[in-house]
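Where a number appears in this text, it was derived from the coordinates with a stated rule and is not lab data. Just so it is clear, the model here is predicted, and its values are computed rather than measured. Glycine gets a Cβ as well: all are built from the backbone with ideal geometry, and neighbour counts include every protein chain shown.
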Amino acid sequence: MNFTVVNKNIHVGQIRVIAVATASVFLVGDAECIGTSSIFDTPPESLIIGRSFIPLAPESDGL
Amino acid sequence: MRTSVVDTFEDNTLLFSSVIEIGDTAIVDLKADIFAIQREIPFFYGHEGSFNYYTAFRVPLLKANIYENPSTSYINDNPIIKVDHIKILGISTSGYVQIGSTKDIYAQARVFDVRHFLHYPVSEDYPLTEIHPSSRGY
């Protein structure tokens, strides 16, 4: 398949962005390949209700 | 590749493995692993939490499957991309802002949230089932 792109004049006045967050891209220019992915997890066990401060398991070399 | 021209650029915050790039690049690869714990009283031990323990940090993320390679040609009638003014408030967690051209950009972010309450955060107006749907058993 042959694909031809003709780039003509482009002039943007103002861009206002609140946030570029969690694997997002804001690009003024050309790119060949962009791949972004993100994961957000809050499973049931991430809600703890209790009066004691039991520390979460620390990072260990064994795992 | 075209030339990018930006007159003024303004950014307030840049954090958590984010990048602002002015100029051209070849490959950009951003990674952020976030383990967040929020407690009703802000008390922390400082060495808590394990990335290995949670699957969110281990599962492979989806990757684009490019099975077709069209032969692409570009004709740049006007080789300039012009922007007068850019204002960004914040860039965070593998956020990428570039003025210029690049070949590849890869970005990934993994966020795991833990909330720790001392008391049941329940009132008549705001039942626990609304805070967390799986708490119906309480």
Legend entry - Value in Å of the Kirkwood radius, where the range B:56-116 supplies the Cα pairs that are averaged: 16.7 Å
Legend entry - Kirkwood hydrodynamic radius (C-alpha pairs) into Stokes-Einstein, the range B:82-123, 10 °C and 1.306 mPa s, D in µm²/s: 104 µm²/s
Inset, instruction - Work through the residues other than residue B:2 whose Cβ is under 15 Å from its Cβ and net out their charges, Lys, Arg +1 and Asp, Glu -1. - result: -1
Legend entry - Nitroxide proxy distance, nm - points 7 Å out along Cα→Cβ at residue A:17 and residue A:40: 1.8 nm
Inset, instruction - Report the net charge of residues surrounding residue B:28, where surrounding means a beta-carbon distance below 14 angstrom and charges are Lys +1, Arg +1, Asp -1, Glu -1. - result: -4
Inset, instruction - Over all alpha-carbon pairs in the protein assembly as shown, figure out the percentage whose distance exceeds 27 Å. - result: 49 percent
Inset, instruction - Note the per residue figure in Å³ for the convex hull of the C-alpha positions in the range B:3-135. - result: 223 Å³
Inset, instruction - Of the listed pairs B:82/B:103; B:31/B:82; A:8/B:63; A:8/B:31; B:31/B:103, which have alpha-carbon separations greater than 23 Å here? - result: B:31/B:82; A:8/B:63; A:8/B:31
Inset, instruction - May I ask you to derive the FRET efficiency for residue B:78 and residue B:31 from their Cβ-Cβ distance with R0 = 41 Å, giving the value to the nearest 0.05? - result: 0.70
Inset, instruction - Answer with one residue from B:107, A:4, B:59: the one whose Cα lies farthest towards the positive end of the charge dipole of the protein assembly as shown, charges on Cβ with Lys, Arg +1 and Asp, Glu -1. - result: A:4
Inset, instruction - Multiply the residue separation of residue B:55 and residue B:104 by 0.36 nm, subtract the distance between their alpha-carbon atoms, and state the gained length in nm to one decimal. - result: 14.9 nm
Inset, instruction - Along Cα→Cβ, 7 Å out, is where each label goes; now give me the distance between the ones at residue A:8 and residue A:54 in nm to one decimal. - result: 6.7 nm
Legend entry - Likely footprinting exposure, B:85, B:116, B:47, fewest C-beta neighbours within 10 Å first: B:47, B:85, B:116
Legend entry - ³J(HN,Hα), Karplus 6.51/-1.76/1.60, whole Hz, each residue of the range B:34-44, x for Gly, Pro: 10, 10, 10, 10, 10, 10, 4, 10, x, 10, 9
